């Protein structure tokens, strides 16, 4: 709740007090930091999440891709794309849409077009 209201200091205090964090709490924090323009903190929290043995889902990747757009880092977008494929999210249309958006906003039209043309189910949103 604190993260969705942009109160990241309070959210982090609560998050740090949780002994067994689930994926929802990780995603809420990563999203909160991304939404409040603390992209680098989102990436740091993601690393901590992985070090604690938690596996990301499409929501995690969506937030991290938004953070990548914020810092305009094509390398991070590419790394997240590769990691998502490795974890089996390569066929997710929702993730593919976020990836296309991130590639375009990080000025990699060739990668965006390749992904759009090769893997996405075309609909009105895509």
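Observations
- Residue, modelled with the highest pLDDT, within segment 2-19, restricted to residues that are farther than 20 Å from residue 57 by Cβ and in contact with a helix residue (DSSP H, G or I) (Cβ under 8 Å, 6 or more places away or on another chain): 12
- Of all residues in segment 85-126, those being touching a helix residue (DSSP H, G or I) at 6+ places or on another chain (Cβ under 6 Å), farther than 17 Å from residue 61 by Cα and either part of a helix (DSSP H, G or I) or at pLDDT 85 or above (or both) number 3.
- Taking every residue in segment 18-44 that is in contact (Cβ under 8 Å) with a residue 12 or more places away in the chain and on the phi < 0 side of the Ramachandran plot and pairing it with any residue that is part of a loop (DSSP other than H, G, I, E, B) and surrounded by 21 or more Cβ atoms within 10 Å (Cβ to Cβ), at least 6 positions away or on another chain, the pairs with Cβ-Cβ distances below 9 Å are 23/56; 26/56; 27/56; 30/56.
- Residue in segment 20-55 that is surrounded by the fewest Cβ atoms within 10 Å (Cβ to Cβ), counting only those that are in contact with a helix residue (DSSP H, G or I) (Cβ under 7 Å, 6 or more places away or on another chain) and closer than 16 Å to residue 87 by Cβ: 54
The values are calculated or read from the model by the stated rules, or taken from the named source; none is laboratory data. Model, not experiment: these values are computed from the prediction. FYI the Cβ positions are ideal-geometry reconstructions off the backbone, even for glycines, and counts take in every protein chain you see.
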